[in-house]
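Working notes, beginning with the structure itself.
The values are calculated or read from the model by the stated rules, or taken from the named source; none is laboratory data. This is a predicted model, so every value here is computed, not measured. FYI the Cβ positions are ideal-geometry reconstructions off the backbone, even for glycines, and counts take in every protein chain you see.
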Ligand SMILES: [Zn+2]
């Protein structure tokens, strides 16, 4: 039976292999609060995204601001322009960008 302080659901059980070869259980407090915003495509941390303040100050006001990083956003916009001009078909766009490219075209 774990210690009383470790029986709370806010404690996370971690199994580790000790150098001796036996497995041991440790307890760690779960982290509180929301996680930092990440890019939906490359999972990079998004800069300029805050939790508090006015709506216009909380995230970049460009297209996909607060959702995609600047690199992925630029790539999506370029791919959308190519599809729009007929230089590329939507099937030729990389599948990770396709959903966002379709969002611009509609
Ligand atoms: Zn990205």
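Evaluated against (1) more than 30 Å from residue 101 (Cα to Cα); (2) modelled with pLDDT of 95 or more; (3) surrounded by 11 or more Cβ atoms within 10 Å (Cβ to Cβ), residue 8 falls short on exactly one condition, (2).
Residues of region 49-77 that are exposed (fewer than 12 other Cβ atoms within 10 Å of the Cβ) and under 14 Å from residue 99 (Cα atoms): none at all. Tallying residues that are within 16 Å of the ligand (Cβ to nearest atom) and either in contact with a helix residue (DSSP H, G or I) (Cβ under 9 Å, 6 or more places away or on another chain) or assigned to a loop (DSSP other than H, G, I, E, B) (or both) within region 36-74 yields 24. Looking for something in a loop (DSSP other than H, G, I, E, B) and more than 20 Å from the chain's Cα centre (by Cα) - is there at least one such residue anywhere in region 77-85? No, the conditions are met nowhere in region 77-85.
Put simply, of 30, 82, 98 the only residue that is at negative phi, surrounded by 10 or more Cβ atoms within 10 Å (Cβ to Cβ) and more than 16 Å from the ligand (Cβ to nearest atom) is 82.
Please give the number of the condition residue 25 fails out of (1) under 17 Å from the mean Cα position of the chain (by Cα); (2) farther than 25 Å from residue 101 by Cβ. Answer for residue 25: the failing condition is (1).
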